[in-house]
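One structure is given below, encoded as structure tokens.
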Amino acid sequence: MCASKSLMDGQQTKKEQCVPADKAPLKSRVLLVDDHPIMREGLVRVIERENDLAVCGQADNSHLALDIINSLKPDIVVVDLSLAGQNGLDLIK
């Protein structure tokens, strides 16, 4: 299970704490990177319906996403390719 922790006041950006991978081996941990809060919320709802997936974090920009990736080590990262003012492809590289 993941518990939300807000990182920035006034923004929808969230970083969540995940159970370490060795404690929850049956669920792949997913990080969502999108600058549109409504898209992240919709993806969370879809992913929560899957028995083998858990959202472990969210970011609205590539810099925050890199910090979360380095700290949480998600199994899957879903990236918006057209982040505001940024290119999602650069994050993937």
Fill in the blank from the handout: The distance between the Cα centres of the range 66-80 and the range 31-60, in whole Å, is 12
Fill in the blank from the handout: Each label sits 7 Å from Cα toward the beta-carbon; between Lys93 and Ser71 the label points are separated, in nm, by 2.7
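How much length, in nm to one decimal, is gained on full extension between Glu41 and Ala84, taken as 0.36 nm per residue of separation minus their Cα-Cα distance? Could the numbers behind the result be given before it?
Numbers: separation 43, 0.36 × 43 = 15.48 nm, distance 1.75 nm.
Full extension from Glu41 to Ala84 adds 13.7 nm.
Every number in this text was worked out from the coordinates using simple rules, so none of it is lab data. Fair warning: this is a prediction, and the values are worked out from it, not measured in the lab. Ideal geometry is used to build each Cβ from the backbone, glycine not excepted, and the neighbour counts take in all protein chains shown.
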